[in-house]
Amino acid sequence: MDDKNEIMLDLLCKQAVYGLTAEETKQLALLDTSGYDADSFEMTAAAIGQLDLKIERMPDHLFAKLMADADEHWAKNYSFDKAESDVCGTPQRKIIEIAETKTRGSFMDWFGWAVAAAACIALAVNIYSTRSQPLEIVKDNPTPTPTQVEKLDPQQQRLQLMNSPEVVKADFGKGNVKEMAEVSGDVVWSPEKQAGYMRLKGLPKNDTAKQTYQLWIFDSSQSEKTPIDGGTFDINSDGEVIVPIDAKLRAMTPAAFAVTIEKAGGVVVSDRGKIAALAAVKPNQS
Amino acid sequence: MAQAILKNIADGDKGAVQECLKTYGGLVWSLARRMLRNSDDAEDAVQEIFLDVWKNAARFDPAQSSETTFIAMIARRRLIDRIRFSQRRITTDSLEDVLAEPVDRSDKAMQISLEAGEAAKALESLRPEQRQVLNLSIVQGMSHQEISDATGMPLGTVKTHARRGILQAREFLGLGDSNSTKEVSV
């Protein structure tokens, strides 16, 4: 092994174990490492580095920051096609007056702002999004059965949850979709149990191949730009349905719940262009 | 299915982001916490690391490693950079704890990735001095000099153990071309 190879091996090993100084990095860049699979040294260290690692759960607020970072990265690095730009300009995507909805003033302030700020960018980004979580489909049974608890039906579970202390309740009203002005219902959420149910009436059946309903929880722990994904659901029957909430992050102090209409499979970040139902938590409801 | 996450991200599928964070967020967060020993620094680092992950997802080769080890590699690069930049050094108070940490590893700790399990076997195959140096440097994040100070080994010996240890572990794991880097153990 010649001197150059020796130096290169030294540098590759040091890079993997301790990292290199700026000078060493330059030195390594000048050497031909093509025959050595330079990454394999760092991968060896990465494999060793996983030993004895106690995996801790990432804080929720950091998870939310990372989601926002991803939004920015995708917006910067993936171009939008014309169709998406056109959608941005359609009346459906414009901010719709939701003053009639019973909401707190502060919620209205930030919600309106968030819709305006996020609509076009988030919509375009969302075109590239698909949901990683499996679609939760409401079958013929109008009350979807949650997988977590099998003993009680959703209606019974909802009633049981309502008797828990410190539950948050709010009434659903219409959102910004004219055809869904008759939507009503309520939501109950237990911060302690991190479980909740929506009771909804007046939501039309959705074409599951094209669209899904998705719940968003606006929690004080999250930026208004990144509400907590409360899960997707479909409506395939008339009448009242009870839908279990599948929150992806901890929601301790929800301020509002919004049901949006999204593409099949749901989205990571909603453009909030079609809000089917909205429930704002009033002080005396929590 | 986990092996498809990085490919989906490389393909511009933003929906894979949430899955990636759920699957590997704990790994990256825990690595950052262990190496930086400061939650605020760790949060900043994790943000930088995942940005690197989005940018480098297309480089992932499933024939070379698992997604876990690929992401751990990206994480280590960024964490080492931060440590070098900040000149963070392990505190004297924690040094004794680090040196006293047991060599035994639970099965649970070894199951993070296939390579981690193999890495444990690789370490066991090394000479005790090499194993100690790699453990202190890679797992505990200590520098050459710190290891020398802590163990009493001459600096040159620490470097030699690190080099030989990583080369043999690499060969044990079947990474890279072993013929070009094989060394005689002394």
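Derivation of every value follows stated rules applied to the coordinates shown; laboratory data play no part. Just so we're clear, the structure is a prediction, and the values are computed from it rather than from any experiment. FYI the Cβ positions are ideal-geometry reconstructions off the backbone, even for glycines, and counts take in every protein chain you see.
Couple of notes before you dig in:
- Checking the cross-link pairs A:K76/B:K55; A:K76/B:K7; A:K193/A:K282; A:K54/A:K76; A:K169/A:K248 against a 23 Å limit on the alpha carbon distance flags A:K54/A:K76 as lying beyond it.
- Rg/Rh, computed from the Cα trace of segment A:147-214 with Rh as the Kirkwood radius, has the value 1.03.
- Among A:177-183, A:210-216, B:146-152, sorting by the average number of other beta carbon atoms lying within 10 angstrom of each residue, highest first, gives A:210-216, B:146-152, A:177-183.
- Ellipsoid fit via the Cα gyration tensor, segment A:231-286: semi-axes of 20, 16, 12 Å, each the root of five times an eigenvalue, largest first.
- Across segment A:53-62, coupling constants 3J(HN,Hα) worked out from phi with the 6.51/-1.76/1.60 Karplus curve, θ = phi - 60°, read 7, 8, 6, 9, 6, 5, x, 4, 5, 6 Hz, and Gly and Pro carry x.
- Shielding score for A:61-68, defined as the mean number of other chain Cβ atoms within 10 Å: 5
- Linear extension gain, A:K201 paired with A:E56, 0.36 nm per residue minus alpha-carbon span: 48.1 nm
- Reciprocal mean inverse distance between Cα atoms of segment B:124-172 - Kirkwood radius, Å: 10.4
- Projected label points at A:N77 and A:L159, each 7 Å from Cα along the beta carbon direction, are separated by 5.2 nanometres.
- For B:D40 and A:I7, a Förster radius of 45 Å and the Cβ-Cβ distance give a FRET efficiency of 0.75, rounded to the nearest 0.05.
- Separation of alpha-carbon centers, segment B:24-57 and segment A:185-247, rounded to whole Å: 31
- A:L249 long-range amide H proximity, modeled H, under 5 Å: A:D229
- Inter-chain neighbour count for B:73-80: the average number of beta-carbon atoms from partner chains within 10 Å of each residue's beta-carbon is 5.
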